[in-house]
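Read-outs throughout are calculated quantities, based only on the coordinates presented, and are distinct from any laboratory measurement. In this text, all values refer to a predicted model and were calculated from it rather than measured experimentally. Because the Cβ atoms are built from the backbone with ideal geometry, glycine has one as well, and the counts that use them run over all protein chains shown.
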Amino acid sequence: MEIIINILKINKIGGNGMHPKIDYDKCVGSLECYDVCPADVFDEEETEDGKRAKVARPDDCTECEQCVDSCPTDAIELVD
Ligand code: SF4
């Protein structure tokens, strides 16, 4: 999978500069986005309320929208 993602990045296929933005007013820390992202865009971070995802490598996003679709509270959108 990683090789395929790197080929897509090198050839700039599948991405157009969009990346995910997390609305922390909606996020419940399910980490679904962290688990589902094939490009390893998210990291986990600790907060007072427990773990949550953060966007760590936005430039690696391929705009597949799996994080958007997997989020149980619609807390993620892709932005420029
Ligand atoms: S759109 Fe796809 S590649 Fe981009 S952060 Fe979401 S799951 Fe990862």
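Take segment 38-56 and flag every residue that is more than 18 Å from Y24 (Cα to Cα) and out of contact with any Ser or Thr (no Cβ under 8 Å at 6 or more places or on another chain). It would help to see each step written out before you state the result.
Applying the first criterion (more than 18 Å from Y24 (Cα to Cα)) to segment 38-56 yields 38-40.
Of everything in segment 38-56, just one residue is more than 18 Å from Y24 (Cα to Cα) and out of contact with any Ser or Thr (no Cβ under 8 Å at 6 or more places or on another chain), namely D40.
Quick check on my filter: what residues within segment 41-79 are touching a Lys or Arg at 6+ places or on another chain (Cβ under 8 Å) and near the ligand (Cβ under 8 Å from one of its atoms)?
Matches in segment 41-79: V41, F42, V55, D60, T62, I76, L78.
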